[in-house]
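Sharing a structure with you now.
The values are calculated or read from the model by the stated rules, or taken from the named source; none is laboratory data. Note that the structure is a prediction, hence the values are computed from the model and not measured. Methodologically, a virtual Cβ is constructed for each residue, glycine included, from the backbone with ideal geometry; neighbour enumeration extends over all protein chains shown.
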Amino acid sequence: MNQTVSVIRCADYEISNVQQAVCQLLAPLGGLSWVRPGMRIALKANLVGAYRPQAAATTHPALLCVLTKMLVSRGAQVVIGDSPGGLFHPAALEHIYETTGMRQAESAGASLNLDVSQKIVHFDGAAAAKQFCVTAYLMQADAVINVCKLKTHGMMGMTAGAKNLFGIIPGTEKLQHHFRYAQPEAFADMILDLNAWLNPRLTICDAIVSMEGNGPTKGTPKHTGLLLASENPHALDLCCAHLMDLPPQQIPTLQRAVKRALTPAQISGLTLAGEPDALTPQPFVHVADKSSLQFRGHGGLAGQITGALAQRVFRTVPALAPALCTGCGHCAAICPAKAITICGGLARINRRVCIRCFCCQEFCPAGAMQAHKTLVSKALGRL
Ligand code: SF4
Ligand code: SF4
């Protein structure tokens, strides 16, 4: 795979600044010269839910607006879409487009996807996901550009390029995937399979304002002032991890990508273009202790058993901040393991059946579910 990653500074979401930065960003990758008149291009954004742009949970509309204008000027037809975590339904999508500022991109010439049809695909080249259901609008595109957002993530440590393509799985079908691929290694392999199957033409990361803390939806916006782009989402993720000061081996998708020879293990193995000096680690508040996110994959049966036990003991867990919980029951409805009940107006987690998918943390509207270290992790001083 191409191992070139372009990095450019961009101070804010002022359209003229983003436009200039995107042109500089894409130049080392050949620009958009591959776009031909009449091509249908899907911009697969991160529209995880109905969050305002300033919450930094979704791809900023200014970036999508600029990309739309550039593609339309080349004669392309542009559609913007995503499948959020809840219902994949036109009314839900309309609400999300409205809240996340996507009307701005619509004014620039994009259409906002309302096609909620789905297709089952078979992927013989998969390591884990040989058959899955996808949002059909992506299959009608001649090319897909993955336009992701850099954020912390309860289950995977970080979400940027590769993880954004979990959004090609329609709505609640994602919950089945969490159940089917409950272990981080299996989940990461499934994500890598989705990336290999969709094969986006480009991945562009909105890291102008990223998210730290209780990501990917209830964290704190953090100005990081960068845009990144690559033909290789895993190489781009390696740069994002470096920016967040997260060792790649602590991010399951990156660890598996290294193992599957999709990216080198260190950014020294990449070709950095644009403004490589801008890619310096910035202190991020992570979802929990960084080391407790570590995924332990070892060969052999004994290694696997040890790894599974270590994960059980050390992996972060969802935990309730009771003062924030409204007892709305949204987490109980979305939990794929049916591990949550509402008792006395508060969510209660049955840890024996919890698969640590962090859907409750991601979709709690009050930010009451958070990723915490396990008691053993704390006791061993992994603070
Ligand atoms: S979704 Fe959040 S606020 Fe609602 S019951 Fe669950 S933890 Fe409480
Ligand atoms: S309690 Fe939360 S983390 Fe555990 S299985 Fe349910 S949604 Fe996933």
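Inspect region 299-310 for any residue being assigned to a loop (DSSP other than H, G, I, E, B), modelled with pLDDT under 95 and not assigned by TED's automatic domain parsing to the domain that holds Leu150 and give the result as yes or no.
Yes, because at least one residue in region 299-310 is assigned to a loop (DSSP other than H, G, I, E, B), modelled with pLDDT under 95 and not assigned by TED's automatic domain parsing to the domain that holds Leu150.
Turning to a different aspect of this structure: Taking the condition of being surrounded by fewer than 18 Cβ atoms within 10 Å (Cβ to Cβ), under 16 Å from Ile41 (Cβ atoms) and touching a Phe, Trp or Tyr at 6+ places or on another chain (Cβ under 7 Å), how many residues in region 113-140 meet it?
1
Mind checking which residues of region 211-226 are out of contact with any Gly (no Cβ under 9 Å at 6 or more places or on another chain) and at negative phi?
Passing the criteria: Pro221, His223, Thr224, Leu226.
Among the residues of region 170-196, which ones are of a type in the set (Val, Ile, Thr) and within 16 Å of ligand 2 (Cβ to nearest atom)?
Thr172
In this structure, does Val78 turn out to be touching a strand residue (DSSP E or B) at 6+ places or on another chain (Cβ under 7 Å) and not in a helix (DSSP H, G or I)?
Here the answer is yes, as Val78 does meet what is asked.
For region 30-57, enumerate the residues that are out of contact with any strand residue (DSSP E or B) (no Cβ under 6 Å at 6 or more places or on another chain) and either under 21 Å from Ser6 (Cα atoms) or of a type in the set (A, V, I, L, M, F, W, C) (or both).
Gly30, Gly31, Leu32, Ser33, Trp34, Val35, Met39, Leu47, Val48, Ala50, Ala55, Ala57
Could you list, in sequence order, the residues of region 341-369 that are in a strand (DSSP E or B) and closer than 19 Å to Thr58 by Cα?
none
The conditions are (1) within 30 Å of Leu87 (Cβ to Cβ); (2) surrounded by fewer than 18 Cβ atoms within 10 Å (Cβ to Cβ); (3) among the basic types (Lys, Arg), and Arg36 fails exactly one of them. Which is it?
(1)
Of everything in region 40-57 that's part of a loop (DSSP other than H, G, I, E, B) and touching a helix residue (DSSP H, G or I) at 6+ places or on another chain (Cβ under 8 Å), which residue is nearest to Leu165 (Cα to Cα)?
Step by step, filter region 40-57, then rank; the result is Asn46.
Would you pick out the residues in region 364-373 that are more than 7 Å from ligand 1 (Cβ to nearest atom), crowded, with 21+ Cβ neighbours inside 10 Å and either under 18 Å from the mean Cα position of the chain (by Cα) or not charged (D, E, K, R) (or both)?
Residues satisfying the conditions are Gln370, Ala371.
State which residue pairs qualify: first residue closer than 15 Å to Ile169 by Cα and in the same structural domain as Pro84 (by TED's automatic domain parsing) and inside region 108-120, second residue part of a strand (DSSP E or B) and of a type in the set (Phe, Trp, Tyr) in any location, beta carbons under 8 Å apart, and separation of 6 or more residues or different chains.
If the second residue must be part of a strand (DSSP E or B) and of a type in the set (Phe, Trp, Tyr), the pairs left are Ile120/Phe132.
Something else about it: What is the residue count in region 333-363 for residues that are near ligand 1 (Cβ under 8 Å from one of its atoms), surrounded by fewer than 19 Cβ atoms within 10 Å (Cβ to Cβ) and in contact (Cβ under 8 Å) with a residue 24 or more places away in the chain?
Count: 1.
Continuing with the same structure: For region 321-331, does any single residue satisfy the condition of being assigned to a strand (DSSP E or B) and either more than 10 Å from ligand 1 (Cβ to nearest atom) or more than 15 Å from Pro365 (Cα to Cα) (or both)?
The answer is no, given that none of the residues of region 321-331 is assigned to a strand (DSSP E or B) and either more than 10 Å from ligand 1 (Cβ to nearest atom) or more than 15 Å from Pro365 (Cα to Cα) (or both).
Right, next: For a quick check of your reading of the model, give me the residue pairs whose first member lies in region 231-252 and is closer than 16 Å to Lys149 by Cα, whose second is among the aromatic types (Phe, Trp, Tyr), with beta-carbon atoms closer than 6 Å and at least 6 apart or on different chains.
Close Cβ pairs satisfying both conditions: Met244/Phe284.
Could I ask something else about it? Show the residue pairs meeting these rules: Cβ distance below 6 Å; 6+ apart or different chains; first residue within region 74-88 and closer than 16 Å to Glu98 by Cα; second residue surrounded by fewer than 21 Cβ atoms within 10 Å (Cβ to Cβ) and polar (S, T, N, Q).
Val79/Ser111
While we're here: For region 101-117, name all the residues that are polar (S, T, N, Q) and in contact with an Asp or Glu (Cβ under 9 Å, 6 or more places away or on another chain).
Asn113
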